[in-house]
1. Identify, by number, the condition in (1) open to solvent by 60 Å² or more (accessible area, probe 1.4 Å); (2) of a type in the set (Lys, Arg); (3) in contact with an Asp or Glu (Cβ under 9 Å, 6 or more places away or on another chain) that Lys30 doesn't meet.
2. When you go through Val20, Val10 one by one, which is the residue that is out of contact with any Asp or Glu (no Cβ under 6 Å at 6 or more places or on another chain) and touching a residue at least 40 places away in the same chain (Cβ under 8 Å)?
3. Restricting attention to the stretch 42-77, which residues are open to solvent by 90 Å² or more (accessible area, probe 1.4 Å) and of a type in the set (A, V, I, L, M, F, W, C)?
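The values are calculated or read from the model by the stated rules, or taken from the named source; none is laboratory data. Fair warning: this is a prediction, and the values are worked out from it, not measured in the lab. Positions of Cβ are generated from backbone atoms using ideal geometry, with glycine treated the same way; all protein chains shown enter the neighbour counts. Keep in mind that these areas ignore ligands, DNA and RNA; they rest on the heavy atoms of the full protein, side chains included. Shrake-Rupley method; radii C 1.70, N 1.55, O 1.52, S 1.80 Å.
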Amino acid sequence: TLEKQMLRLVGSHCHFRRVVLALLRDIVGKRELWFSLRTADRLEAKARASYLYGQTSILFRKAPDMTPDEVAQLLNE
């Protein structure tokens, strides 16, 4: 399921994980995106992961028209 793909328990906190599409890897500079969700609460983690899924979907749509520096800047925000 999508939840199993997005959420990972690392230690006591949940993390968001999403695979970068092969055709975007050179632009994004990564094979996967990992972000700490900074919570151990499963419901809160699901909400935060859903938000990040939407944000990464937007990034994947815009990335072909962006420079690697612009992508890196978005990932740091």
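1. Here Lys30 meets the rest and fails (3).
2. Val20
3. If the condition is that a residue be open to solvent by 90 Å² or more (accessible area, probe 1.4 Å) and of a type in the set (A, V, I, L, M, F, W, C), then Leu43 is the only one that fits.
Yes/no matrix, rows are residues, columns are (1) out of contact with any helix residue (DSSP H, G or I) (no Cβ under 8 Å at 6 or more places or on another chain); (2) assigned to a helix (DSSP H, G or I):
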site: Arg8; (1), (2): yes, no
site: Leu24; (1), (2): no, yes
site: Ile27; (1), (2): no, yes
site: Ala49; (1), (2): no, yes
site: Gly54; (1), (2): yes, yes
site: Leu59; (1), (2): no, yes
site: Ala72; (1), (2): yes, yes
